[in-house]
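*Asks:* Here you go, one structure.
Laboratory data are not the source of any read-out in this text; all were calculated from the coordinates shown. Keep in mind that what you see is a predicted model, and the values were worked out from it rather than measured. Using ideal geometry, Cβ is built from the backbone for each residue, glycine included, and neighbour counts are taken over all protein chains shown.
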Amino acid sequence: MKDQTQPTEDEPRSAWDALGSPEHVVGRRVAALRVARGWSQRELATRMTDQGHSWRQTTVAKTEAADRPIRVNEMQGLARVFGVQMVDLLTVPIDDIDVANAAALLADMRTLAAAARQRVDECERTYASATAELEAAREEAARITRELQDRREEYDAAVKAAESKKAGEADGEH
């Protein structure tokens, strides 16, 4: 069973991991700009073909999914089609950064939770061991107390016997 506090291999370990590769950034920006204009993937492909690029609907889909590398001249064509600067295709929107930071924070919190859980487990083992030791010490103290009581009774009886013997000898001298 997987430890729920550890990040999975697919989960980001930092904000930059959550943002993904440059192709992911460009792909998300292309999709966002296309959707904002109400264009279909086919319509964007047609506009890119008009710019001199041999794009099809599947090219747009793969670009948006970061399933293909993007060429600089294609970014230039996309910038022209969308009416933006090339840098705008590489700029991560604030919302994406917030999500990335939240994902990184979540990964950090999972790591801290796992460490805290390990510490709790360690303390519980130590507590159980100390409790067992305490119980053993109590049993030993009770055994020694009983033995001490028995020895005390034997001592008292021996002292009494010695005093009686001494008293009897003292009575015999008079």
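*Asks:* At a 10 angstrom cut-off on C-beta neighbours, averaged per residue, how do the peptides 60-70, 158-168, 110-120 rank from highest to lowest?
*Replies:* The most tightly packed comes first, giving 60-70, 110-120, 158-168.
*Asks:* Shifting gears a bit: State the extension gain, in nm to one decimal, for the chain segment bounded by R56 and R119, taking 0.36 nm per residue of separation less the distance between their alpha-carbons.
*Replies:* Computed gain between R56 and R119 is 17.1 nm.
*Asks:* Follow-up question, since we're still on this one. Could you check the simple spin-label distance between S164 and Q76, using points 7 Å along Cα→Cβ, in nm with one decimal?
*Replies:* 12.2 nm
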